[in-house]
Amino acid sequence: MTRLMPYGEHGLLVELDDLDAVVALAAGLRADLPPGVLDVVPAARTVLVSWESADADEVAAAVRALVDSPSPVAVVGREHHLDVRYDGADLREVARLTCLPIPEIIELHTTATWTVAFTGFAPGFGYLVGGDTRLQVPRRAGPRASVPAGAVGLAGEFSGIYPRASPGGWQLIGTCPTPLWRPDAEVPALLAPGDTVRFRAVP
Amino acid sequence: MNLEVLRPGPLTTVQDLGRPGLAHLGIGRSGAADRGSAQRANTLVGNDAGAALLETTLGRLTLRASAPVLVALTGAGSVLLLDGAEHPRDTVAEVAAGATLAVSAPTWGVRGYLAVRGGIEVPPWQGSRSRDTLAGLGPAPLRAGDSLTLGPEPARPASGPVRVDVPGAASLQALLGPRSDCLGERGLALFWSADWRVGTQADRVGVHLHGPTLPRASAAELASEGTLPGAVQLTPNGPVILLADAPVTGGYPVVAVLTAPALDRAAQLRPGETVRLVPLRGHSLSLR
């Protein structure tokens with residue numbers, strides 16, 4: 001069931017049934033932004049639409065129209081092959097949670113073709129989906145105050161790489177040396193929605 | 001013409017009205033935490049409302065002007081000191097060549113806005129000169145020895161003094177947030193009636209409030225979703241009001257969202273101050 005909820009005077013939060021619906025709505029809105037809308041932020045089950053000056057009812061109508069008849073928007077991205085040193089602090093915990101030996105966790109992580117469903121959380125961060133369901137683990141009970149830059153993690157249906165040191169609650173399985181965020185580059189973020197990622201285990 | 005930074009104070013950053021439109025990349029809008037005061041300072045000196053200016057934190061900024069320039073200070077309860085002589089807030093001041101201008105430590109509030117006619121000219125990042133203190137983006141915070149250049153003379157003249165009352169006890173108007181149902185009826189009533197106290201954790205990312213433990217209707221973990229400055233998140237340690245540099249997504253339920261004027265007031269909250277949150281009835285939004 002789709003729900004539309006006001007988010008203050010300048011926002012609208014749309015709750016959707018699944019990630020596919022989220023990606024479709026976000027793509028549809030971005031392809032044709034309603035007048036005044038500045039930001040469209042997809043997340044696991046929601047899309048937040050925000051503005052500085054817009055007609056809230058007009059925005060809601062545009063959202064409803066897209067939800068009722070989603071237009072197929074194909075997002076074709078780049079392929080990335082990223083090295084990972086599988087030395088994460090939570091590898092043993094992930095093995096315990098999944099009942100899988102560590103070599104099999106690495107095998108599953110490296111044989112999947114991951115897709116960037118959306119970006120956000122922090123500059124350069126991409127939420128990756130498409131992994132084997134056996135790799136789905138809950139976030140840590142308490143987040144770490146500081147996760148190192150390049151840390152590769154798992155949480156729920158997602159995998160991801162922390163672009164820089166930050167607080168974080170994902171289960172860490174490895175380290176990726178490739179910079180995901182270079183603020184002075186013409187395109188600062190390496191990962192964009194629609195890109196695919198294959199991981200490669202390195203010693 | 002330049003402004004030499006003699007003393008930067010605890011934290012002085014360049015701000016404008018931020019860089020909206022990049023949240024889907026994980027980059028927040030940032031910009032002046034008290035947007036109303038920033039715009040007022042710019043208008044006073046004849047700048048566009050969104051020109052780059054200086055945001056001081058607890059004052060104590062000292063600059064020296066190499067040539068005559070018009071400035072205006074708004075926001076927290078500081079005074080402007082021109083070669084030591086006091087000058088009021090919320091009105092244009094003329095700084096002579098070679099004079100020092102200082103922003104005193106404020107007697108109330110936190111953030112002062114010093115606009116200089118022409119605006120602060122530093123290289124923008126992704127269309128804005130705002131410093132995002134969480135992501136570390138935009139111009140670096142001011143340091144002693146920095147030399148700031150100004151933009152071109154604007155077309156508009158400076159404007160006359162504005163009367164701004166010293167704010168009383170903070171009473172922040174807010175709309176019900178999308179996850180207010182995580183609080184039961186009792187919890188919500190307590191949320192609106194409590195005398196919240198501002199904790200020591202207060203910065204451009206957010207202001208932590210301390211007070212009664214709120215009875216929850218649901219303890220279910222929430223998936224991360226988009227957030228906006230002004231959102232009031234309910235964390236295990238109590239409510240947090242998100243300010244200009246808050247992350248663009250968060251996993252704590254948002255039970256209320258401040259109005260724009262309330263957010264400006266929240267940007268001036270000092271640790272130890274008492275805050276009330278006041279419900280504003282939502283305007284009609286035909287929702288299913």
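The values are calculated or read from the model by the stated rules, or taken from the named source; none is laboratory data. The structure displayed is predicted, hence computed values, not measured ones. Backbone-built Cβ (ideal geometry, glycine too); neighbour counts: all protein chains shown.
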- Query: Consider B:Leu176 against the criteria (1) at pLDDT 95 or above; (2) within 20 Å of A:Met5 (Cα to Cα); (3) more than 10 Å from chain A (Cβ to nearest Cβ): it satisfies all of them except one. Which criterion is unmet?
  - Reply: (3)
- Name the strands (runs of 3 or more DSSP E) wholly inside segment B:69-138 in which the number of residues that are under 17 Å from the mean Cα position of the chain (by Cα) and in contact (Cβ under 8 Å) with a residue 24 or more places away in the chain is 2 or more. B:69-75, B:111-116
- Message: Of the conditions (1) outside any loop (DSSP other than H, G, I, E, B); (2) more than 18 Å from the chain's Cα centre (by Cα), B:Thr43 satisfies every one except a single condition; which number is it?
- Response: (2)
- Message: What are the pairs with Cβ atoms under 8 angstrom where one residue, in segment A:1-16, is in contact (Cβ under 8 Å) with a residue 24 or more places away in the chain and the other, located anywhere, is hydroxyl-bearing (Ser, Thr, Tyr) and in a strand (DSSP E or B)? Sequence gap at least six, or different chains.
- Response: A:Tyr7/A:Ser50; A:His10/A:Ser50; A:Gly11/A:Ser50; A:Leu12/A:Ser50; A:Leu13/A:Thr46; A:Val14/A:Thr46; A:Glu15/A:Thr46; A:Leu16/A:Thr46
- Query: Inside segment A:7-89, counting only strands (runs of 3 or more DSSP E) that do not spill past its ends, which hold 2 or more residues that are more than 30 Å from B:Leu17 (Cβ to Cβ)?
  - Reply: A:79-84
- Looking at B:Gly118, is it closer than 21 Å to B:Gln39 by Cβ, crowded, with 22+ Cβ neighbours inside 10 Å, in contact with a Pro (Cβ under 9 Å, 6 or more places away or on another chain) and not charged (D, E, K, R)? no
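A quick yes/no check of all residues on (1) aliphatic (A, V, I, L, M); (2) away from every other protein chain (no Cβ under 14 Å):
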position	(1), (2)
B:Pro154	no, yes
B:Val166	yes, yes
B:Ala169	yes, yes
B:Leu190	yes, yes
B:Ala202	yes, yes
B:His208	no, yes
B:Leu214	yes, yes
B:Ser218	no, yes
B:Ala231	yes, no
- Message: Can you pull out every residue in segment A:68-101 that is under 18 Å from A:Pro42 (Cα atoms) and at pLDDT 95 or above?
- Response: none
- Please indicate, with yes or no, whether at least one residue in segment A:40-56 is over 15 Å from A:His10 (Cβ atoms) and more than 12 Å from chain B (Cβ to nearest Cβ). no
- Message: Just to verify a result, which residue in segment A:184-203, among those that are in contact (Cβ under 8 Å) with a residue 40 or more places away in the chain and closer than 12 Å to B:Leu25 by Cα, is surrounded by the fewest Cβ atoms within 10 Å (Cβ to Cβ)?
- Response: A:Ala192
- Regarding A:Ser159, is this residue closer than 24 Å to A:Leu19 by Cα, within 18 Å of the chain's Cα centre (by Cα) and among the hydroxyl-bearing types (Ser, Thr, Tyr)? yes
- Note on the structure: Filter segment A:113-154 for residues that are hydroxyl-bearing (Ser, Thr, Tyr) and away from chain B (no Cβ under 12 Å); the one that is surrounded by the most Cβ atoms within 10 Å (Cβ to Cβ) is A:Thr115
- Task: Taking B:Ser30 as meeting all but one of (1) of a type outside the set (Lys, Arg); (2) assigned to a loop (DSSP other than H, G, I, E, B); (3) more than 14 Å from chain A (Cβ to nearest Cβ), write down the number of the exception.
- Result: (3)
- Query: What is the one condition in (1) more than 13 Å from chain B (Cβ to nearest Cβ); (2) under 30 Å from A:Leu4 (Cα atoms); (3) within 20 Å of the chain's Cα centre (by Cα) that A:Leu66 does not satisfy?
  - Reply: (3)
- Task: Among the residues of segment B:236-261, write down those that are modelled with pLDDT of 95 or more, within 11 Å of another protein chain (Cβ to nearest Cβ) and crowded, with 24+ Cβ neighbours inside 10 Å.
- Result: B:Leu242, B:Val254, B:Ala256, B:Val257, B:Leu258
- So is A:Leu100 touching a residue at least 12 places away in the same chain (Cβ under 8 Å), over 30 Å from A:Val187 (Cβ atoms) and surrounded by fewer than 20 Cβ atoms within 10 Å (Cβ to Cβ) or not? yes
